[in-house]
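Quick note: the coordinates plus some simple rules give every number you see, no bench work behind them. Please read these numbers as outputs of a predicted model, since none were measured by experiment. Here the Cβ positions follow ideal geometry from the backbone for every residue, glycine too, while neighbour counts run over all protein chains shown.
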């Protein structure tokens, strides 16, 4: 019961911890739409955001850490019930790590590039900085944070939902909620291919809707585990009366 309470608490804390800075970035930095703007414009707007914007990105990267602990505990709980799911737990933890690495580029790499871009004395220097930013952006953001991070998150969500449903640790409707969120979330991968294949068909809103539904799903799973932890175990005396 203590483990289920801890898992529920960590899932809720992690989901809320991600959602709060995400919301702040949508209001102060036009995130995530700004990611697809011209590199020079992104660097200018980032520089204008100052240190408060940098620390918002730091919060976005680190406040989701409770989820990694929850993934591990959840995997252990399922393993104790006789299901070998260690590889799914590893996928979940990897998804979190690569997303954190991707987000931290806004804390330790982009500020340097943004300052250099704004202070550059000629257009050729700015163009060189833009090329460096594009490379960092595609590798740290598109490849690690979005492609691998989102893809591994979807895999973890689907297989964890299946396992929890089999063990009757999750109601059927909530498992299907996870499947639905995952399906919408995976559609966002098309936007990533569109960054390298012009005209690639995509649904622009898929990333926002999928990620939001996924965070809601995490919170609901967390609430479910908290409710389970509060159920009083049936005493042996009561059974044999």
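What angle, in degrees between 0 and 90 and rounded to the nearest 10, separates the Cα long axis of helix 172-187 from the longest principal axis of the Cα atoms of the chain? With both axes taken from Cα atoms, the answer is about 20 degrees.
Calculated translational diffusion coefficient of the range 27-99 (20 °C, 1.002 mPa s; Stokes-Einstein with Kirkwood radius over alpha-carbon pairs) equals 145 µm²/s. Ranking of 229, 182 by neighbouring Cβ atoms within 10 Å, starting from the fewest: 229, 182. Extension gain, residue 9 to residue 28: 0.36 nm times the residue separation minus the Cα-Cα distance gives 4.0 nm.
Within a 10 angstrom radius of the beta carbon, how do 27, 202 rank from fewest other beta carbons to most? Intermediate values should be presented prior to the final figure.
Details: 27 8, 202 17.
Lowest count first: 27, 202.
Inter-label distance, residue 166 to residue 62: 3.8 nm, where each label sits 7 Å from its Cα along the C-beta direction.
The peptide list 147-153, 164-170, put in order of mean Cβ contacts within 10 Å with the highest first, becomes 147-153, 164-170. Stretching the chain fully between residue 227 and residue 122 yields a gain of 31.7 nm (0.36 nm per residue, less the alpha carbon separation).
Where does helix 110-119 land angle-wise versus the long Cα axis of the chain, in degrees 0 to 90, nearest 10? Helix 110-119 and the main axis of the chain meet at about 20 degrees.
Every Cα-Cα pair of the chain was included, and the share exceeding 30 Å stands at 33 percent. Compared with the dominant Cα axis of the chain, that is its longest principal axis, helix 123-136 is turned about 20°.
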